[in-house]
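These notes are about the structure you will find just below.
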Amino acid sequence: MSQATPEAPQPAVPQIRPTATTIAYYGAFIALGLSLATLGPTLPALAGQTGVTLKGISYLFTTRSLGYLLGSLNGGRLFDRMPGHALIASTLVATAVLLALVPQATTLWFLCTIMFFLGAAEATVDVG
């Protein structure tokens, strides 16, 4: 005669509705596209803001791409170790903060640093 052992009650996990999750991910994808598209049209204004030529400001493309590459490599590792929803939300917040810092940058090196981390955050969202 076998006795069934009673299972311990599982803690209630709040369920997120699938529709709300889907809408949130669509919004994240749109935000990623808008963020990626900002550099090209703002290039002349950023050159004037930092006092560099258009040739000099083109380093922003390189630093952003390098950040994107490193963010893509590390993004998968982060998603293996952290909850996905929280990671995407935090990188979207980081993207918003970094985009808000762009108008405050008055030197090319500071703007390149912002673009590097912006690329890394965008890549993490893209990997997610």
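The values are calculated or read from the model by the stated rules, or taken from the named source; none is laboratory data. As the structure is a prediction and not an experimental result, all values here were calculated from the model. Here the Cβ positions follow ideal geometry from the backbone for every residue, glycine too, while neighbour counts run over all protein chains shown. The protein model used for the area step is the full one, side chains on, heavy atoms only, and it has no ligands, DNA or RNA in it. Shrake-Rupley method; radii C 1.70, N 1.55, O 1.52, S 1.80 Å.
Restricting to the range 78-125, count the residues that are surrounded by fewer than 16 Cβ atoms within 10 Å (Cβ to Cβ) and touching an Asp or Glu at 6+ places or on another chain (Cβ under 8 Å).
Going through the range 78-125 one residue at a time, the tally reaches 0.
Those residues that are surrounded by 10 or more Cβ atoms within 10 Å (Cβ to Cβ) and modelled with pLDDT of 70 or more, I need them from the range 1-32; list them, please.
Thr21, Thr22, Ile23, Ala24, Tyr25, Tyr26, Gly27, Ala28, Phe29, Ile30, Ala31, Leu32
Hey, any hits in the range 68-75 for a residue that's open to solvent by less than 80 Å² (accessible area, probe 1.4 Å), polar (S, T, N, Q), part of a helix (DSSP H, G or I) and at pLDDT 85 or above?
yes
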